[in-house]
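Everything on this sheet refers to the single structure shown next.
The values are calculated or read from the model by the stated rules, or taken from the named source; none is laboratory data. For clarity, every value in this text was computed on a predicted model and none was experimentally measured. Positions of Cβ are backbone-derived with ideal geometry, glycine not excepted, and every protein chain shown enters the neighbour counts.
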Amino acid sequence: MTPSLQAKRCATCQTLSLESSLACRKCGAPDLTAVSLSGIGTVYSYCSVQVPPTQLRDEAPYVLLIVELDGGPVALGRWASSGDVRIGQRVSAEADSRRPDLLWFQTYSDSDAGSR
Ligand SMILES: [Zn+2]
């Protein structure tokens, strides 16, 4: 499966955002265009959540990632792989089919792109 994410690009300042807002968060312009991103990016930071909010207590512990997506926007998501994650690692995102606001990240190798 080819990962992809929906984002919005501001026509005025070209800023990409994953948020579903009606105006650009950076410049306030209302002219946003839907674009698809590969969902591939680089781990900026992560943490292991041992004490989650009440509604997620059955899912702890889990690893939360901050990922700089190729193309600009930063995404927050969860680590789907069983192995360790590290800062600078290449990962790909997949949206949760039951929770559209939740992204799952897994290890991605840039050499994978050539084998598809
Ligand atoms: Zn803008």
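Taking the conditions (1) at pLDDT 90 or above; (2) farther than 30 Å from Ser111 by Cα in turn, Gln89 satisfies each one other than (2). For Ala34, the requirement of being among the small types (Gly, Ala, Ser), in a strand (DSSP E or B), within 16 Å of the ligand (Cβ to nearest atom) and farther than 16 Å from Leu102 by Cβ is met.
To keep it simple, each residue is scored yes or no on (1) among the aliphatic types (A, V, I, L, M); (2) within 20 Å of Ala7 (Cα to Cα).
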| residue | (1), (2) |
| --- | --- |
| Leu64 | yes, no |
| Ala80 | yes, no |
| Ile87 | yes, no |
| Ala95 | yes, yes |
| Asp101 | no, yes |
| Trp104 | no, yes |
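So that you can scan it fast, the table gives a plain yes or no per residue for (1) of a type outside the set (Ser, Thr, Tyr); (2) in a loop (DSSP other than H, G, I, E, B); (3) at pLDDT 90 or above:
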| position | (1), (2), (3) |
| --- | --- |
| Pro3 | yes, yes, no |
| Glu19 | yes, yes, no |
| Ala29 | yes, yes, yes |
| Tyr44 | no, no, yes |
| Ser48 | no, no, yes |
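Just one of the numbered conditions (1) over 15 Å from Ala7 (Cβ atoms); (2) of a type in the set (A, V, I, L, M, F, W, C); (3) within 14 Å of the chain's Cα centre (by Cα) is not true of Ala75: (1). Report whether or not Gly83 is on the phi > 0 side of the Ramachandran plot and out of contact with any Phe, Trp or Tyr (no Cβ under 6 Å at 6 or more places or on another chain). For Gly83, the condition - on the phi > 0 side of the Ramachandran plot and out of contact with any Phe, Trp or Tyr (no Cβ under 6 Å at 6 or more places or on another chain) - is not met.
Quick one: count up the residues across region 9-52 that are farther than 23 Å from Gln106 by Cα and either of a type outside the set (Val, Ile, Thr) or in contact with a helix residue (DSSP H, G or I) (Cβ under 8 Å, 6 or more places away or on another chain) (or both).
Step one: filter region 9-52 for residues farther than 23 Å from Gln106 by Cα, giving 9-15, 20-34.
Okay, now just the ones that are also either of a type outside the set (Val, Ile, Thr) or in contact with a helix residue (DSSP H, G or I) (Cβ under 8 Å, 6 or more places away or on another chain) (or both), so 9-11, 13-14, 20-32, 34.
Adding up the residues that qualify gives 19.
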